[in-house]
Amino acid sequence: MIKKEDVYLIGKITKAHGLKGEINFQFTDDVWDTTDSDYLICEVDGILVPFFIEEYRFRSDSTALVKFEDLDNAEAVQFLVNSDVYFEKKYQEELGEDEVSLNYFIGFEMIDGDNGKTIGTITDIDDNTENWLFIVERENGEEVMIPAHEEFISEIKQEEKVMIMDLPLGLLDL
């Protein structure tokens, strides 16, 4: 059984495409194309289910048409429309350090390296601008945006899911 803590969100199936069972896959991370995995994990009725990729082709830098094995017509894939798509973290860990997607860090606890206090939990990545941001939820429910810049990251403890940050003075007070 695939567990939520072993995967991370990489996109969504937006609609069926054509008559042969292809789906339109809107992705935020192309790790599925750069590793040896031959399946994607879709959330179906709250259960994470692997679907093996028969073939795919890119439509843009964030969209692909994907054909899964044994789903051979538009009706067969309808149950997948609007499903979240996940990828196993173990494949992400196989990539080199320079290739790790920031989405991998969703769910990590962020710690202030200066005082050792918890800043919050990384809940999302804002990649709408050239300078990407970690969206961090603080204990009081407030969200803060922290630059996802490698010069601010002093240590990553993968086993503990902790990221230690050395942030510029006053950044958290903005």
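The values are calculated or read from the model by the stated rules, or taken from the named source; none is laboratory data. Keep in mind the model is a prediction, meaning the values are calculated, not measured. Here the Cβ positions follow ideal geometry from the backbone for every residue, glycine too, while neighbour counts run over all protein chains shown. For accessibility, only protein heavy atoms count, side chains too; no ligands or nucleic acids. Shrake-Rupley method; radii C 1.70, N 1.55, O 1.52, S 1.80 Å.
Using a 10 angstrom Cβ neighbour count of at most 11 plus a DSSP loop assignment to flag exposed trypsin sites (Lys or Arg not before Pro), which longest range of the chain is free of such sites?
On the way: sites that count: Lys3, Lys117.
Looking at the chain, 4-116 is the longest stretch - no exposed trypsin sites (Lys or Arg not before Pro) with at most 11 other Cβ atoms within 10 Å.
Summarising the strand pairing of the chain, around 90 percent of its internal DSSP beta bridges are antiparallel.
Suppose only helical runs count, i.e. DSSP H with n ≥ 4. What mean residue ellipticity at 222 nm does that imply for the chain under -39500 (n - 2.57) per run, divided by all residues and rounded to the nearest 500 deg cm²/dmol? Let's see the in-between values first.
Working: 3 runs with 14 residues, N = 174.
Mean residue ellipticity, 222 nm, calculated: -1500 deg cm²/dmol.
Applying a DSSP loop filter and a limit of 12 other Cβ atoms within 10 Å to the GluC sites (Glu not before Pro) in region 111-174 leaves Glu130, Glu139, Glu142, Glu150, Glu151, Glu159, Glu160. In the chain, a dipole from Cβ-located charges (positive for Lys and Arg, negative for Asp and Glu) runs towards its positive end, and of Met1, Ala74, Leu102 it is Ala74 whose Cα lies farthest in that direction. Of the listed residues Leu172, Leu65, Leu9, the order by accessible area with a 1.4 Å probe, largest first, is Leu9, Leu172, Leu65.
Just the number, please: carbon plus sulfur as a percent of the accessible area of the chain, 1.4 Å probe, no ligands or DNA/RNA counted.
45
Please give the per residue accessible area of the chain, computed with a probe of 1.4 Å over protein heavy atoms only, in Å².
Numbers: 10320 Å² over 174 residues.
With the other protein chains kept in place, the chain gives 59 Å² per residue.
Its residues counted as N, the chain yields a C-alpha radius of gyration over 2.2 N^0.38 Å of 1.15.
Compute, for region 1-112, the length of the dipole vector about the Cα centre, with Cβ point charges of +1 (Lys, Arg) and -1 (Asp, Glu) only. Units Debye, rounded to 20. Walk me through the numbers on the way to the answer.
Details: 10 positive and 26 negative charges, 117 e Å.
The calculated dipole for region 1-112 is roughly 560 debye.
Compare the Cα positions of His17, Thr63, Thr35 along the charge dipole of the chain (+1 at Cβ of Lys, Arg; -1 at Cβ of Asp, Glu; about the Cα centre) and return the one farthest towards the positive end. The one lying farthest along the dipole's positive direction is His17.
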